1. Which one is nearest to the ligand (Cβ to nearest atom), of the residues in the stretch A:50-85 that are more than 10 Å from chain B (Cβ to nearest Cβ) and of a type in the set (D, E, K, R)?
2. (1) crowded, with 20+ Cβ neighbours inside 10 Å; (2) in a loop (DSSP other than H, G, I, E, B); (3) modelled with pLDDT of 95 or more: which one isn't true of B:Gly76, the others all being true?
3. Assess whether B:Pro40 counts as being open to solvent by 40 Å² or more (accessible area, probe 1.4 Å), more than 10 Å from chain A (Cβ to nearest Cβ) and either in a helix (DSSP H, G or I) or touching a helix residue (DSSP H, G or I) at 6+ places or on another chain (Cβ under 9 Å) (or both).
4. State whether the residues of the stretch B:52-64 include one that is hydrophobic (A, V, I, L, M, F, W, C), within 8 Å of another protein chain (Cβ to nearest Cβ) and assigned to a loop (DSSP other than H, G, I, E, B).
5. Considering only residues that are of a type in the set (D, E, K, R) and either more than 24 Å from A:His64 (Cβ to Cβ) or buried (at least 19 other Cβ atoms within 10 Å of the Cβ) (or both), which ones fall in the stretch A:355-378?
6. Looking only at residues in the stretch A:115-141 that are more than 11 Å from chain B (Cβ to nearest Cβ) and within 13 Å of the ligand (Cβ to nearest atom), which one is surrounded by the fewest Cβ atoms within 10 Å (Cβ to Cβ)?
7. What are the residue pairs meeting all of these: first residue in the stretch A:368-393, first residue more than 14 Å from chain B (Cβ to nearest Cβ) and among the β-branched types (Val, Ile, Thr), second residue within 16 Å of the ligand (Cβ to nearest atom) and open to solvent by 50 Å² or more (accessible area, probe 1.4 Å), Cβ atoms under 8 Å, and 6 or more apart or on different chains?
8. Output the residues belonging to the stretch A:304-330 that are surrounded by 15 or more Cβ atoms within 10 Å (Cβ to Cβ) and over 22 Å from B:Arg83 (Cα atoms).
Amino acid sequence: MAGKTLYDKVWDAHVVREEDDGTALLYIDRHFIHEVTSAQAFEGLKLAGRQPWRTQAILGVPDHNVPTTDRSGGIVDPVSRLQVDTLDKNCAEHGIVEFKMNDPRQGIVHVVGPEQGATLPGMTVVCGDSHTSTHGAFGALAFGIGTSEVEHVLATQCLVQKKSKNMRVTVKGVAGAGIEAKDIVLAIIGEIGTAGGTGYTIEFAGEAIRNLSMEGRMTVCNMAIEAGARAGMIGVDDTTIDYVMGRPFAPAPTDRNAARDAWLLLHSDADAHFDKEVVLDAAAIRPQVTWGTSPEMVAVINDVVPNPACESDPVKAAGMEKALAYMDIPAETPVSDICIDKVFIGSCTNSRIEDLRAAAAVIKGRQVADTIKLAMVVPGSGLVKRQAEQEGLDKIFRAAGFEWREPGCSMCLAMNADRLEPGERCASTSNRNFEGRQGQGGRTHLVSPAMAAAAALAGHFVDAREY
Amino acid sequence: MQKFTVVDGLVMPMDRPNVDTDAIVPKQYLKSIKRSGFGPILFDDWRYLDPGEADMVTAHRRPNPEFILNFPRYAGAEILIARENFGCGSSREHAVWALDDYGFRAVIAPSFGDIFYNNSFKNGFLPIRLPAEDVDVFFRECEPQEGYRLVVDLAEQTVTTPRGQAMRFEIDPFRKHCLLNGLDDIELTLQHADTIREYEGRRRKQAPWLFRG
Ligand code: SF4
């Protein structure tokens, strides 16, 4: 019998029962909730007269709607406030642990969970949010769910699931100096496309992935969903275990040895079968910049934006034309000629301490270009913010002309006051460049933290490795 | 949950790939704590010339006459045909709620965002995967033929064109069963509560760290 993939192992360990057609009832170990996708689920639960199955499995944190400016006066927008209040109320009513808006541990749910050790290797992790794939960096099976599924997990601690296929993306060799996890994952998406991973769980493997820190691995798994895969995973090694142990929700000292032994088995067997294999050469990866309205529309810094006329698939060519029109970029424009108005360093993709360090290293002692209307850093959590301040990074950013904000999703999706105005162009470390994502009519270019920092200094895209 | 059996419906084409959930329901409407009332803001950014705000008074807004949903010939459409990767992006179930509330009952595309696909079934809304060539047939026939309809028969797993050409689609038997009968899957799962408890008991011994507060 062929060996098992990492995904097979975690899946098998969580099957409560299985129907003849392969539909399984899958047990969920960790359930993260935030304010946007949980209210209707709690309401549904109440209407049906049901109780949450296991509240200790849940951790709540408001992140999408919270202001990133001074919070002492609460949330001004009444609609946002009601949503956050509703989360507070639901958590209080059921005794669910919540890091409220003014708690120092508050932040983006996908930053907070791992930071607290609430995401552990081998777990099944869900959240009503597509970027739950982030947590797969720990060898967990983590994926986003809709509100009805949130309600299902609340009520039963399980989900009805069909197993997906196995894909492995191997990034072999060593990435060049100055190439970040974001560049690697954008290169992967450019290669397989935004629907390339649909129906699969992607395991990221290879030397270049192994060499990444946990922060970098989270960046890669975060964007698995942009490649169409609901979940991305990376096998467990010492880097994983060293990161996890000792955090507040991590195993008690008496369980540590047993946990470590179990976790070290969480990797694909040598003879495991993958339904699809993709291999990239790390040494060939250059700094990436998206030019369109889908993460697969990506180019390298010293290249030009493609020409739809050269695309043979008519549906694809039409999509490219629409994207270029929306982005207001002529075909074949050199990427480095694209000038920007705003810079956003943040989001669950790139707001961890290592991301802020990478951006600060570029910025140190320099100034944001005069043409930039706003450059902002939004740390992923209160604890990231505090750490960065202890390292003096906030001073570097502020001295250069960046705003230093409170933690949350912020301009990644512009549900709070942070947004692009129509026509504005942004260098963003987030994960989606969809039309209107950062504000109606706004134009988003996805880049790594170092590339965003360098663009802030130059006013247009430049190769961050030259800074 | 509403049942889905047979729908004989007017077709509206959405001729672009990667229609994401941000386009289906923009973020400002996600502040709502309700499940209903999203129909009027379906495809909001494309559909109206003026920007939409969270409090949703759509009556005074200016529809974009160039957006297909506003073409009189597609008023009352129940079946959406779309290109690759429809519903990609965020997990927001609001996307399905909006399509359903507007009056759509099914969407046909070569591929879907996984979460959107799952969310659909929870709302009695049917996402149908068919090969790109089949979907292309619908696009070609629909454009010149006003009042173009398709018949979706879930029990038979077919989509039939006005000329009688039937295309067969695949669907999980379990999902099909739930949709045909309008079953609440939480209720179904709770029938196995004892099995879930047994599983939990076993795991608690094997891996106690998973059950820490
Ligand atoms: S930072 Fe952006 S992508 Fe991440 S959870 Fe928040 S809104 Fe979603």
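The values are calculated or read from the model by the stated rules, or taken from the named source; none is laboratory data. All figures in this text were calculated on a predicted structure; none of them were measured in a lab. Note: ideal-geometry Cβ built from the backbone for every residue, glycine included; neighbour counts use all protein chains shown. Side chains included, ligands, DNA and RNA excluded: accessible areas come from the protein's heavy atoms. Shrake-Rupley method; radii C 1.70, N 1.55, O 1.52, S 1.80 Å.
1. Checked the stretch A:50-85; the qualifying residue nearest to the ligand (Cβ to nearest atom) is A:Asp63.
2. All conditions pass for B:Gly76, except number (1).
3. Values: open to solvent by 40 Å² or more (accessible area, probe 1.4 Å): yes; more than 10 Å from chain A (Cβ to nearest Cβ): yes; either in a helix (DSSP H, G or I) or touching a helix residue (DSSP H, G or I) at 6+ places or on another chain (Cβ under 9 Å) (or both): yes.
Judged against the criteria, B:Pro40 is a match.
4. Looking only at the stretch B:52-64, we keep the residues that are hydrophobic (A, V, I, L, M, F, W, C), and these are B:54, B:56-57, B:59.
Going one step further and asking which of them are within 8 Å of another protein chain (Cβ to nearest Cβ), we end up with B:54.
Now restrict to residues that are assigned to a loop (DSSP other than H, G, I, E, B): B:54.
There is at least one residue in the stretch B:52-64 that is hydrophobic (A, V, I, L, M, F, W, C), within 8 Å of another protein chain (Cβ to nearest Cβ) and assigned to a loop (DSSP other than H, G, I, E, B).
5. Within the stretch A:355-378, the first condition is being of a type in the set (D, E, K, R), and the residues that meet it are A:355, A:357, A:364, A:366, A:370, A:373.
Within the stretch A:355-378, A:Asp355, A:Arg357, A:Lys364, A:Arg366, A:Asp370 qualify.
6. So, considering only residues that are more than 11 Å from chain B (Cβ to nearest Cβ) and within 13 Å of the ligand (Cβ to nearest atom), the one surrounded by the fewest Cβ atoms within 10 Å (Cβ to Cβ) is A:His135.
7. From the stretch A:368-393, the pairs are A:Val378/A:Glu406.
8. A:Val304, A:Val305, A:Ile329
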